[in-house]
Amino acid sequence: MTTTLYAATRPSSATPVEQAFIELGIPHQTKRLDLEAGEQHDPAFLALNPNGLVPTLVVDDQPLFEGLAIIQYLGDRDGVERGLWPAPDTAERLQALSWTTWAYAHLQWAIRLMMFAGHPMVPAELHHAPLEKHARKLQRERLEVLEAHLDGRDYIVGDRYSLVDLTLASLLGWGISIGVDLEGLPRISAWLGQCTERPSYREIYGTTS
Ligand SMILES: N[C@@H](CCC(=O)N[C@@H](CS)C(=O)NCC(=O)O)C(=O)O
């Protein structure tokens, strides 16, 4: 089986998938697209992912796009035997699907809304102060759900680090860089500290955050 990851030449949505590959230690090749040069619009790449986005995975000529789908697929395929993803038909497997999807579909959505409504990197004409305030409240409420979930737990699912922690920590690391505040969320802060100590995190992000 050949496995090829299309990533970018810079940090991107493919970065958590690249970290997952480091954790899993599975054979694969990485092809890097220069997004600024528009290589994602190449017809050959669009045939794999019509959205023209990285990450895109190709397994024996079959494409799989969307970072969340790729991480869940790699967890199922390679993570179980490496202790990085719960076994099928366990309560932990269901939790792993819930929390990774929660990260991408529920928490990330609120953080992105906050970013678009007020972050300096977004053009000022798109800013909307009341929307930013609302989105900030939403992301805080969502983080409080995670804070409560971590009561009495060291990891999001089960009793060991998994691709679930990797997924959420990667999202939060990005969130913090654009203004998510963990003040008053001590369990998330402690859990994130553990995740950023992983050699794979240091390798991919260059430093702890
Ligand atoms: N929801 C997608 C988002 C992917 C995405 O936005 N990728 C960006 C890089 S961070 C990209 O490929 N951009 C190329 C472009 O916009 O032309 C995922 O999580 O896989």
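Summary of values
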quantity	calculated
Region 3-79: projected area of the alpha-carbon convex hull, averaged over directions, in nm²	4.6 nm²
Three-way shape call for region 163-209 based on the alpha-carbon gyration tensor, with the a/c threshold at 1.5	prolate
Chain lengthening between GLU141 and MET1 when straightened (0.36 nm per residue, less Cα-Cα)	46.1 nm
Amide H contacts of ALA7 (H built 1.01 Å from N, under 5 Å, at least 5 apart or other chain)	LYS31, ARG32, LEU33
Student exercise, region 91-205 dipole from Lys, Arg, Asp, Glu Cβ charges, in Debye to nearest 20	180 debye
Label-point separation in nm, ARG153 to ASP34, each point 7 Å along Cα→Cβ	4.4 nm
Nearest-20 debye value, the chain charge dipole, Cβ charges on Lys, Arg, Asp, Glu	360 debye
Cα-based equivalent ellipsoid of region 91-205: semi-axis lengths in Å, sorted from largest, via gyration tensor	26, 15, 13
THR90-SER177 pseudo-label distance in nm [points 7 Å out on the Cα-to-Cβ vector]	3.2 nm
Dipole magnitude of region 3-79 about its Cα centre (Cβ charges: Lys, Arg +1; Asp, Glu -1), debye to nearest 20	80 debye
Difference of contour (0.36 nm per residue) and Cα-Cα distance, HIS127 to ARG10	39.5 nm
Leading residue at positive end of dipole, region 91-205 (Cβ point charges), from GLY175, ALA148, LEU185	GLY175
Mean separation of Cα contacts under 8 Å, 6 or more apart, over the residue count of the chain: relative contact order %	17 percent
Over region 78-133: Rg over Rh, Cα atoms, Kirkwood Rh	1.29
Zone residues, region 17-45, relative to VAL59, backbone N less than 19 Å from point 7 Å out along Cα-to-Cβ	17-31
Normalised alpha carbon radius of gyration of the chain [divisor 2.2 N^0.38 Å]	1.04
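Computed from the coordinates by the stated procedures, all read-outs in this text should not be read as laboratory data. From a predicted model like this one, the values you see are computed outputs, not experimental measurements. Neighbour counts are summed over all protein chains in view; Cβ atoms, including those assigned to glycine, are modelled from backbone coordinates with ideal geometry.
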